[in-house]
Every structure is written in C-alpha cells, then in structure tokens.
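K.L.:
Submitted below is the structure of interest, expressed as structure tokens.
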Amino acid sequence: MNTINDPNVSPETQMLHAPYSSKDAYGALNMPVYQAVAYEFDTAAQMEAAFTGKSPEHVYSRVSNPTVQYFEQRVKALTGADEVMAFNSGMAAIANTLMAVAYTGANIVTSPHLFGNTYSLIAFTLKDFGVEPRFCNLSDPAAAEKHIDRNTCAVFLETITNPQMEVADLQVLSDICKKRHVPLIADTTIVPFTAFRAAAFGVDIEVVSSTKYISGGATSLGGLTLDYGSYDWQQSPKLHTLTGQPGLSAFAAKMRREIYRNLGACMTPDVAARQLTGLETVAVRYERAAVTCRALAARVAQLDGVVSVNYPALEGHPYYAVSRRQFGDYPGAMFTFDLVSRAAAFRFIDRLQLIRRATNLFDNKTLAIHPASTIFGTFSEALRQSMDVSSNTIRISVGLENMEDLYNDFVQAMRM
Ligand SMILES: *Cc1c(COP(=O)(O)O)cnc(C)c1O
C-alpha cells in the first residue's frame, strides 16, 4: 500500500495514489466495487464498537461502503476538504446539506438565478417545512446583506449561474457571511475543484453535481458535499450543541450520523467506481473542454444572426473582472447565446448535425438545449422572467470534439 505524506507532492498526484483505508485482500491496484450491503464481524463486542462509532469498520452500505469511502477520500486528497460525503445525485447533496443547516423559522438567503430543481427545493420543498426562501441579487452584496438576520441558516449560491452566467464576488460575500456568522454554501458544479479552489475564496461548504465533469462522459449520477471546516458552528442556533467533538465538525457530525443515513441518498459502489475513474481524468478533460469553449464562444459571437454570446471570459462581459479573479481564463465549459426569437432558436437546434440535442452538462459530447422550453418549461412566463431565462437563449455545453468541427456545425445551423 502506497502512502504519500510529502506535502511537496501536489494534490493531483496525492489523489491518484491515495491509499485504501485498509489493505485489499487481493492487492487490487484499482479499488474494487464492494457490491455488498452488510459486513460481518467476529464478535459481539466488535459489532458494538463498529455500530457505536468506536471503531471504523463498515456495517451497512447506506451508512458507508469501502468503494464510496475511497471516492470520498480521493476527493479529500485533491481538495484538502476536512470532510467529503458522496451522494447519489447533485440534488441529493444539495438537499441533504440544506436540511442539515435549516430548521423551521430559519431562512436561506440566495439568488433567484439557480439550477431549476435547486430553485424548486428552496422555493417550495423546504418552504413547506417552514424554511423561508429569501431571493435577492447576490451580485450586489450590500443589498444582499440586508436580507441576512439572526435566523439566516445559510447564504447559498452557484459560482456561475446558468443560463444567466452571473458571477457573484465570493470574497466580498464571504466577508459579509463571516461578519454576520452565517455559513457560505456554494454549488461549484460549473468549474470543477481541480481548477477552482472554493475554500480560498471563503466558501465554507461546497456542493457539486459529480454527474457533470467528474463522472467522465455522463456515465452516472452523483453528488458531493465538501466541508472545509472554516465555519464556526458554535454560531449556529441549530448545530452549536454538536460542536467540540474530536475529528468531526458539527456539520459533518449532523450529516454523517443523522441526515445522510436517515435520508438514504447514499452513492452506490458501482457509481463510486465509475466516478473514481472519472476523477482521475477530470483535470485534463476540463482543460480541453474549457479551452475549446472559450475559442468557440468568441467565434460564435462574430456569426451573422447571433444577437449576443454570454460567457464571462469574453471582454465586455458584465462579470469579466470578478470571473477572471475567481476562475482565471476559463470560467467553465458552457456558454449561452441569443438569437432574434424563440422560433430562430428552435430552428437552429433542429438543424444541428454534430452537436447533440440533450440536457446535461459536461458530457464528452457537446450538447445544445433551449432552457426556457425544457429545464424551465413548466415554470410560468412570469417566473421565467423573474429568473432572467429568455426564450431567445440557447445553452451549449462544450465537450471534447475538435473545435473546427463544432464551429462548422454552428455555421451550417445558422444559415438562413
Ligand atoms: C446538474 C446540476 C445540479 C443537479 O445535479 P444532479 O446530479 O442532476 O442531481 C445542481 N446544480 C447544478 C449547477 C447543476 O448543473
């Protein structure tokens, strides 16, 4: 078993060689899929120790599983997070995380520019349990701060909103959150943690849909919650009683010992094995897709008939400066563009020959979708308008194809 304890070895390398938590019986080089529900013990005393958390053995795979745990440990090695929990979808990671911090009478301060199901979770599902949604403009931090009060259990945001492509200033928001003793929770799905270090910008809890970049070619649904240990849970009206336990933050204790096992949205071992393989290549795949995305967005902006292109790395973008500060040259591998009308957008999508008509983000294949009629298709026109989802907008998730081939598909689909 290989163990790297050298702090000079980079996180990418550490991640690839992270040791298993105990030696594999056959010395398998890749983590096997432990397709097992329950684990056997030699004695009643050993069972008691494992079930009460005094020894680290697995007992039941809804609580923990060796393959899933290894996926979590690799993400930990890569990101430096204190605690990583893997779920069976991005939505499960978000729902479990918010349920760990929220309580009846609490409020969540967030933007209306959210992934559709996250919006619905906060606006409807959690609201039914007495958690008040407070939607505001998070790219105006001073205005956002006015929505925070002593019952605010979290400020929640997406690092680049979709399809609006809004980028909030994380450092400024984090300073406000620290001053007001509120945890900052960010969905960082759009730029993977190999390219963007959320903790360096003051994010306390990171949530990710690993369905996207990490799964590696849209093989499986998955989600991650990362706790960086930066929030003082003594300040939380709900979780302060759980502080002071060795090795686990109050948040991690609540999640691991209660929410994760009670809601049962655990990642399965077959998915963990796939996503372990995806994790090994995510940095290089992302680099390729992001470079193509940036070049393609710039060229599409010059095409006749394209009204506007929305990608934060293009000069003149309203969030160009903050995006550059946070994400460098490549703010994700997704852009949107507007045509003159909904009919023109439908015509363009129907004419595509190479780019696939599908939802999802960060497959190896490039995907096109008309968000207003699909992802937001069951929302009222008024709600779509309040979320700035225009019916003239098309979203492109850029994959690993040759850039010229993708551009040529745009050219032929745009011709009148
Ligand atoms: C896809 C996505 C989700 C939901 O993830 P699932 O794995 O589909 O449940 C949440 N947030 C963002 C930003 C996403 O793109």
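The values are calculated or read from the model by the stated rules, or taken from the named source; none is laboratory data. Quick caveat: nothing in here was measured; it's all calculated off a predicted structure. Every residue, glycine as well, gets a Cβ built from its backbone with ideal geometry; the counts of neighbours run over all protein chains shown.
K.L.:
Looking at this structure, is A50 more than 16 Å from the ligand (Cβ to nearest atom), closer than 28 Å to T243 by Cβ, crowded, with 20+ Cβ neighbours inside 10 Å and at pLDDT 95 or above?
P.N.:
Against the criterion (more than 16 Å from the ligand (Cβ to nearest atom), closer than 28 Å to T243 by Cβ, crowded, with 20+ Cβ neighbours inside 10 Å and at pLDDT 95 or above), A50 does not qualify.
K.L.:
A further question follows. What is the one condition in (1) within 16 Å of the ligand (Cβ to nearest atom); (2) of a type in the set (S, T, Y); (3) farther than 25 Å from S220 by Cβ that T104 does not satisfy?
P.N.:
(1)
K.L.:
What's the number of the condition M334 fails, among (1) out of contact with any Pro (no Cβ under 9 Å at 6 or more places or on another chain); (2) within 16 Å of the ligand (Cβ to nearest atom); (3) of a type in the set (A, V, I, L, M, F, W, C)?
P.N.:
Of (1) out of contact with any Pro (no Cβ under 9 Å at 6 or more places or on another chain); (2) within 16 Å of the ligand (Cβ to nearest atom); (3) of a type in the set (A, V, I, L, M, F, W, C), only one is false for M334: (1).
K.L.:
Within the range 189-213, track down each residue that is surrounded by 24 or more Cβ atoms within 10 Å (Cβ to Cβ), of a type in the set (S, T, Y) and not in a strand (DSSP E or B).
P.N.:
Correct list: T189, S210, T211, Y213.
K.L.:
Then there is this: Residue under question is S215, and the condition is that it be within 10 Å of the ligand (Cβ to nearest atom), of a type in the set (G, A, S), over 18 Å from L98 (Cα atoms) and at pLDDT 95 or above; does it hold?
P.N.:
Here the answer is yes, as S215 does meet what is asked.
K.L.:
Consider L239 against the criteria (1) within 16 Å of the ligand (Cβ to nearest atom); (2) of a type outside the set (S, T, N, Q); (3) over 13 Å from the mean Cα position of the chain (by Cα): it satisfies all of them except one. Which criterion is unmet?
P.N.:
Condition not satisfied by L239: (1).
K.L.:
Among the residues of the range 243-258 satisfying the criterion of being at pLDDT 90 or above and part of a loop (DSSP other than H, G, I, E, B), which is farthest from the chain's Cα centre (by Cα)?
P.N.:
Filtering first and then ranking leaves T243.
K.L.:
Hey, does the range 148-161 have a residue that's over 18 Å from V322 (Cβ atoms), out of contact with any Leu (no Cβ under 9 Å at 6 or more places or on another chain) and aliphatic (A, V, I, L, M)?
P.N.:
Yes.
K.L.:
Being touching a helix residue (DSSP H, G or I) at 6+ places or on another chain (Cβ under 9 Å) and either within 16 Å of the ligand (Cβ to nearest atom) or among the β-branched types (V, I, T) (or both) is the filter here; which residues of the range 166-183 pass it?
P.N.:
Passing the criteria: V167, A168, L170, V172, I176, V182.
K.L.:
Another question about this same structure. When T277 is evaluated against the numbered criteria (1) of a type outside the set (A, V, I, L, M, F, W, C); (2) assigned by TED's automatic domain parsing to the domain that holds S209; (3) not in a loop (DSSP other than H, G, I, E, B), which criterion, by number, is the only one it fails?
P.N.:
Only one criterion in (1) of a type outside the set (A, V, I, L, M, F, W, C); (2) assigned by TED's automatic domain parsing to the domain that holds S209; (3) not in a loop (DSSP other than H, G, I, E, B) is unmet by T277, namely (2).
K.L.:
For A123, indicate whether it is surrounded by fewer than 21 Cβ atoms within 10 Å (Cβ to Cβ), in a loop (DSSP other than H, G, I, E, B) and within 16 Å of the ligand (Cβ to nearest atom).
P.N.:
Here the answer is no, as A123 does not meet what is asked.
K.L.:
Do the conditions hold for A93, that is, is it part of a helix (DSSP H, G or I), more than 16 Å from the ligand (Cβ to nearest atom), small (G, A, S) and assigned by TED's automatic domain parsing to the domain that holds V182?
P.N.:
No.
Each row is one residue, and each column tells you yes or no for (1) outside any helix (DSSP H, G or I); (2) closer than 30 Å to Y70 by Cα; (3) free of Cβ contacts under 8 Å to residues at least 12 places away in the same chain; (4) not β-branched (V, I, T).
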{"residue": "M85", "(1), (2), (3), (4)": "yes, yes, no, yes"}
{"residue": "A100", "(1), (2), (3), (4)": "no, yes, no, yes"}
{"residue": "T104", "(1), (2), (3), (4)": "yes, no, no, no"}
{"residue": "P112", "(1), (2), (3), (4)": "yes, no, no, yes"}
{"residue": "D128", "(1), (2), (3), (4)": "no, no, yes, yes"}
{"residue": "P163", "(1), (2), (3), (4)": "yes, no, no, yes"}
{"residue": "V172", "(1), (2), (3), (4)": "no, no, no, no"}
{"residue": "D175", "(1), (2), (3), (4)": "no, no, no, yes"}
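For every residue, the table says whether it meets (1) touching an Asp or Glu at 6+ places or on another chain (Cβ under 9 Å); (2) assigned by TED's automatic domain parsing to the domain that holds I108.
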| position | (1), (2) |
| --- | --- |
| P246 | no, yes |
| M255 | yes, yes |
| L296 | no, no |
| S308 | yes, no |
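K.L.:
Another question about this same structure. Read through the list (1) within 16 Å of the ligand (Cβ to nearest atom); (2) at pLDDT 95 or above, then give the number of the only condition that A81 fails.
P.N.:
(1)
K.L.:
I would also like to ask the following. Restricting the search to the range 25-62, which residues are under 22 Å from N262 (Cβ atoms), in a loop (DSSP other than H, G, I, E, B) and of a type in the set (A, V, I, L, M, F, W, C)?
P.N.:
Hits for the range 25-62 are A36, V37, V59.
K.L.:
Is it fair to say V75 is within 17 Å of Y228 (Cβ to Cβ) and either of a type outside the set (D, E) or within 16 Å of the ligand (Cβ to nearest atom) (or both)?
P.N.:
So V75 passes the test.
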